[in-house]
Amino acid sequence: MNTILTTNQGIEMLSKGDILELGQAANTVRQQLHPGNIVTFVIDRNINYTNICTSECRFCAFFRKDGHPDGYTLSQAVIFEKLTETIAAGGTQVLLQGGLNPALGLDYYIELLTFIKKNFNIVIHSFSPAEILHIAKKEGLSITETLISLKAAGLDSLPGGGAEILVDEVRQRVSPKKISASDWLAVMEAAHSIGLETTATMVIGMGETYAQRMEHMEKVRTLQEKTGGFRAFIIWSYQPGNTAMGGEKISAWDYLKTLSVARLYFHNIKHIQGSWVTQGQNIGQLTLAFGANDLGSIMLEENVVRAAGTSYQMSIDKMVGLIREAGKEPAQRDTQYNIIKSFA
């Protein structure tokens with residue numbers, strides 16, 4: 001597909017497109033961008049260092065209010081133990097993601113990053129834009145100043161969490177206390193400007209329209225045109241269990257269709273990740289025929305989706321088998337998508 005897809009064409013495809021035709025077109029684009037048959041994955045651990053959060057998103061089953069008996073902030077000793085296990089399992093990356101805990105300031109984060117870099121040879125791919133803005137506001141610093149301090153202490157790149165749908169009409173309904181769409185984009189632009197690359201995510205199935213999904217993609221694509229700092233685009237589906245918002249899960253059909261349109265739309269983002277974490281292994285495998293070239297992490301630990309009642313287990317052997325069964329060549333990658341081990 002040589003022509004750049006318009007946003008309106010994307011809406012039309014989501015509304016009326018044939019899923020198999022879209023999948024075939026997306027697969028063709030994937031093959032153009034990634035010649036050969038390799039599908040990648042990463043070994044990492046998602047450490048939720050605190051679950052205390054002032055954001056109180058209606059779609060989140062993980063957070064606890066300040067003072068709640070189940071609220072926690074992990075000690076360095078616990079994090080040390082978790083990272084030791086991660087390295088032993090072949091992990092190359094850690095995601096530190098947590099709630100917006102009013103007790104934690106910049107010093108806490110700098111101390112934590114410094115501690116990790118001193119003790120482990122691991123990439124710190126951590127802190128969503130919501131966390132970055134929370135720290136900046138608490139310290140009275142600009143977003144860029146905050147990011148520069150965190151980068152100096154050892155932060156290597158940012159995950160795209162907290163994007164949900166980058167349309168404030170949706171955000172006001174599902175997470176009224178969370179950062180705005182423009183704030184999320186501003187943090188990412190600031191990160192890219194100081195050499196911190198990031199990923200971008202989208203959570204679908206929260207009552208948004210197809211037009212709002214495409215508006216989200218358009219904002220990400222436009223920023224990518226400007227900065228080139230997004231390594232990958234990742235679509236998750238909303239998990240309604242144990243949440244204030246409730247509702248139903250979207251169909252695998254809707255997920256795969258949206259994934260295909262994303263691959264066709266993002267001419268300027270190289271990697272599209274399929275989500276076995278929210279879709280399960282079988283649909284995760286199917287994403288490889290609908291434009292995805294990466295299956296993300298085997299997730300040595302994951303708590304947020306699990307808190308919503310969805311839990312799929314994965315191992316290196318399972319992941320390798322999953323990719324092989326799809327007729328692809330499995331390969332372990334690092335955070336920057338360099339292949340570090342082939343399982344051909």
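The values are calculated or read from the model by the stated rules, or taken from the named source; none is laboratory data. Owing to the predicted nature of the structure, the values given are computational and were not obtained by experimental measurement. Quick reminder, even Gly has a Cβ in these numbers, built from the backbone with ideal geometry, and neighbours come from all protein chains shown.
List the residue pairs whose Cβ atoms are under 6 Å apart, where the first residue sits in segment 92-110 and is among the hydrophobic types (A, V, I, L, M, F, W, C), the second is assigned to a helix (DSSP H, G or I) and crowded, with 17+ Cβ neighbours inside 10 Å, and the two are 6 or more positions apart or on different chains.
If the second residue must be assigned to a helix (DSSP H, G or I) and crowded, with 17+ Cβ neighbours inside 10 Å, the pairs left are LEU100/HIS134; LEU106/ILE135; ILE110/ALA153.
Taking the residues in segment 22-44 that are in contact with a helix residue (DSSP H, G or I) (Cβ under 8 Å, 6 or more places away or on another chain) and among the β-branched types (Val, Ile, Thr) as candidates, determine which candidate is surrounded by the most Cβ atoms within 10 Å (Cβ to Cβ). Please lay out each step first, then the result.
Our first condition is that a residue be in contact with a helix residue (DSSP H, G or I) (Cβ under 8 Å, 6 or more places away or on another chain); within segment 22-44, this holds for 22-23, 25-27, 29-30, 39, 41, 43-44.
Going one step further and asking which of them are among the β-branched types (Val, Ile, Thr), we end up with 29, 39, 43.
Values: VAL29: 21, VAL39: 27, ILE43: 22.
Per the criteria, the residue is VAL39.
Please go through segment 248-282 and pick out each residue that is hydroxyl-bearing (Ser, Thr, Tyr) and in contact with a strand residue (DSSP E or B) (Cβ under 8 Å, 6 or more places away or on another chain).
TYR255, THR258, SER275, THR278
Test of understanding: among GLY90, GLY71, which residue is surrounded by fewer than 19 Cβ atoms within 10 Å (Cβ to Cβ), over 20 Å from the mean Cα position of the chain (by Cα) and at positive phi? Give the derivation first.
Values: GLY71 fails: at positive phi.
When all the criteria are applied, what remains is GLY90.
Got a number for residues in segment 6-62 being at pLDDT 90 or above, in a loop (DSSP other than H, G, I, E, B) and within 23 Å of GLU208 (Cα to Cα)?
3
Would you be able to say whether some residue in segment 10-21 is of a type in the set (S, T, N, Q) and surrounded by fewer than 16 Cβ atoms within 10 Å (Cβ to Cβ)?
yes
Can you find a residue that is within 25 Å of SER182 (Cα to Cα), touching a Gly at 6+ places or on another chain (Cβ under 9 Å) and either buried (at least 17 other Cβ atoms within 10 Å of the Cβ) or at pLDDT below 95 (or both) anywhere in segment 107-121?
Just the residues of segment 107-121 that are within 25 Å of SER182 (Cα to Cα), to begin with: 109.
After this cut, where a residue has to be touching a Gly at 6+ places or on another chain (Cβ under 9 Å) as well, the list is none.
So far as segment 107-121 goes, no, none of its residues is within 25 Å of SER182 (Cα to Cα), touching a Gly at 6+ places or on another chain (Cβ under 9 Å) and either buried (at least 17 other Cβ atoms within 10 Å of the Cβ) or at pLDDT below 95 (or both).
Tell me, which residue of segment 149-163 that is under 16 Å from the mean Cα position of the chain (by Cα) and part of a loop (DSSP other than H, G, I, E, B) is farthest from HIS134 (Cα to Cα)?
ASP156
Taking the residues in segment 241-289 that are touching a helix residue (DSSP H, G or I) at 6+ places or on another chain (Cβ under 7 Å) and part of a loop (DSSP other than H, G, I, E, B) as candidates, determine which candidate is farthest from MET13 (Cα to Cα).
The residue in question is ASN242.
Kindly establish whether VAL203 is outside any helix (DSSP H, G or I), out of contact with any Cys (no Cβ under 7 Å at 6 or more places or on another chain) and at negative phi.
Against the criterion (outside any helix (DSSP H, G or I), out of contact with any Cys (no Cβ under 7 Å at 6 or more places or on another chain) and at negative phi), VAL203 qualifies.
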